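Working notes, beginning with the structure itself.
The values are calculated or read from the model by the stated rules, or taken from the named source; none is laboratory data. Please read all numbers here as calculations on a predicted model, not as lab measurements. Note: ideal-geometry Cβ built from the backbone for every residue, glycine included; neighbour counts use all protein chains shown.
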Amino acid sequence: MKKWKKVIASVLVLSMLGLATACGGSKGAASSGGGSSSSSVAMALPGLITDEAFNQFTYEGMKKAADEGGFKCVYKENVSQDEQVEILRQFAQSGYSIVIGDGGQFGESLATVAKEFPDTKFVFAVGTETYDLPNLTAATISYSEAGFIAGVLAGLTTKSNKVAFITGEFYDPHRQMEAGFNKGVAYVNPDIQTTSVTTGDWADTVKAREASLALISQGYDVLFPCLDAAGAGVAAAAQDSEGVKIIGSVADYAKDYGAEDVTIGSVVYAWNTLGYLAAKGDLNDGASHVIGLNDGGITPVINADLGEGKATYEKAIEELKSGKISLN
């Protein structure tokens, strides 16, 4: 009788998940095995797994780990701020051994649920805060290093001496990226003017394009977006304007958004590696992990001829790797 009660409870919880999706499967497929396996993982994402950016790459890393390890994985995409606690709680109630909150907006919700389920491992992806909980690990790519590299490229490329950082919202990693960007620009020329704007949406290409065009109208000629699918809107704005360049982040903007003509370069993030390690359990030690340039967490891709600025760029990269440049 107890066994049947446990099965019924598991099915009820899974139905409440709003049709969580099995990795590579169809909605509702998760109910075929639930999370009863001793090795299983669930991921909550703020966007779509087809965004050709952060959400897609971390999901693909999780799926790769599950395929290799032979364990179950499910995900829930487009999770809003209001849904976070309930979705994470339901994953834990379903018995998934690792629960991943994929994005800087999940921190407090993960902390809330991790306190309720001390035997479940939680991962705050794109975060640095563990909230002093032994079952909550934080892991992210080095936003500060990525911002610094982009800042150097922007400083070397701008003609108007006005460059801009564009993001969806400001969480701690994006503040770190902004600070790194400003420091990278100042490394080249402290007299260059920098500004930062938010679009309020990580995926809305129209909002990103409008924000970009507003900056361009004010004379900003190098744009540095940190967005998900909305990055395509920044690329489009640059392509529709004269003398405007972009520096991509997360994705390779020249290749992924077909913006070879306006892309100076991109700082590509190894989000698939982060998702892979988190799902495998390699990061679940209750500590905070930052994967940077020296660890393969970010890879600069240069598309433009930097000319005389190439030496300055290479010097900056070497000083960043050696620790001579501190971004803390």
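For beta carbons closer than 8 Å, sequence separation of 6+ or different chains, a first residue in region 250-270 that is farther than 23 Å from ASP295 by Cβ and among the charged types (D, E, K, R) and a second that is surrounded by fewer than 23 Cβ atoms within 10 Å (Cβ to Cβ) and modelled with pLDDT of 95 or more, the qualifying pairs are GLU260/ALA254; GLU260/ASN303; ASP261/GLN239. Counting only strands (runs of 3 or more DSSP E) that sit completely within region 254-316, those holding 2 or more residues that are out of contact with any Pro (no Cβ under 8 Å at 6 or more places or on another chain), closer than 23 Å to VAL188 by Cα and not acidic (Asp, Glu) correspond to 263-269, 298-302. Among the residues of region 91-120, those that are under 20 Å from PRO46 (Cα atoms) and surrounded by 24 or more Cβ atoms within 10 Å (Cβ to Cβ) comprise PHE91, TYR96, ILE98, VAL99, ILE100, GLY101, ASP102, GLY103, PHE106, LEU110, VAL113, ALA114.
Rundown of residues vs (1) over 17 Å from TYR143 (Cβ atoms); (2) more than 18 Å from the chain's Cα centre (by Cα), yes/no style:
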residue	(1), (2)
TYR276	yes, no
ASP282	yes, yes
SER288	no, no
ASN294	no, yes
GLY297	no, no
ASP305	yes, yes
GLU308	yes, yes
GLU314	yes, yes
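Just one of (1) of a type in the set (A, V, I, L, M, F, W, C); (2) over 30 Å from GLY69 (Cβ atoms); (3) buried (at least 17 other Cβ atoms within 10 Å of the Cβ) fails for LEU277. It is (2). Looking at this structure, is ALA238 outside any helix (DSSP H, G or I) and among the hydrophobic types (A, V, I, L, M, F, W, C)? So ALA238 does not fit the description; no. Within region 214-231, the residues that satisfy the criterion of being buried (at least 16 other Cβ atoms within 10 Å of the Cβ), more than 21 Å from ARG175 (Cβ to Cβ) and more than 16 Å from the chain's Cα centre (by Cα) are ILE216, ASP221.
Could you grab the pairs with beta carbons closer than 7 Å, sequence gap of 6+ or different chains, first residue in region 135-148 and under 12 Å from GLY104 (Cβ atoms), second one part of a helix (DSSP H, G or I) and of a type in the set (Val, Ile, Thr)? Here the result reads none, with nothing in region 135-148 linked to a residue that is part of a helix (DSSP H, G or I) and of a type in the set (Val, Ile, Thr). Among the residues of region 148-182, how many are in contact with a Gly (Cβ under 6 Å, 6 or more places away or on another chain) and surrounded by 23 or more Cβ atoms within 10 Å (Cβ to Cβ)? Qualifying residue count for the region: 9. Checking each residue in region 282-323 for being out of contact with any strand residue (DSSP E or B) (no Cβ under 6 Å at 6 or more places or on another chain), within 20 Å of PHE57 (Cβ to Cβ) and crowded, with 18+ Cβ neighbours inside 10 Å picks out GLY292, LEU293. Taking first residues from region 169-198 that are without any contact (Cβ under 8 Å) to a residue 40 or more places away in the chain and partners that are surrounded by fewer than 20 Cβ atoms within 10 Å (Cβ to Cβ) and of a type in the set (A, V, I, L, M, F, W, C), the Cβ contacts under 6 Å between residues at least 6 apart in sequence or on separate chains come to VAL185/ILE192. Checked against (1) within 17 Å of the chain's Cα centre (by Cα); (2) on the phi < 0 side of the Ramachandran plot; (3) buried (at least 18 other Cβ atoms within 10 Å of the Cβ), ALA211 meets all criteria but (1).
In summary, ASP204 fulfils each of the numbered conditions (1) touching a residue at least 24 places away in the same chain (Cβ under 8 Å); (2) in contact with a strand residue (DSSP E or B) (Cβ under 7 Å, 6 or more places away or on another chain) with the single exception of condition (2). Which one is modelled with the lowest pLDDT, of the residues in region 36-69 that are of a type in the set (Phe, Trp, Tyr) and farther than 10 Å from CYS23 by Cβ? Result: PHE54. Does THR128 satisfy being in a loop (DSSP other than H, G, I, E, B) and either among the polar types (S, T, N, Q) or under 30 Å from THR21 (Cβ atoms) (or both)? Here the answer is yes, as THR128 does meet what is asked. Of all residues in region 59-71, those that are closer than 15 Å to LEU274 by Cβ have Cβ atoms under 7 Å from Cβ atoms of residues that are hydroxyl-bearing (Ser, Thr, Tyr) and not in a helix (DSSP H, G or I), 6 or more apart or on another chain, in TYR59/TYR75.
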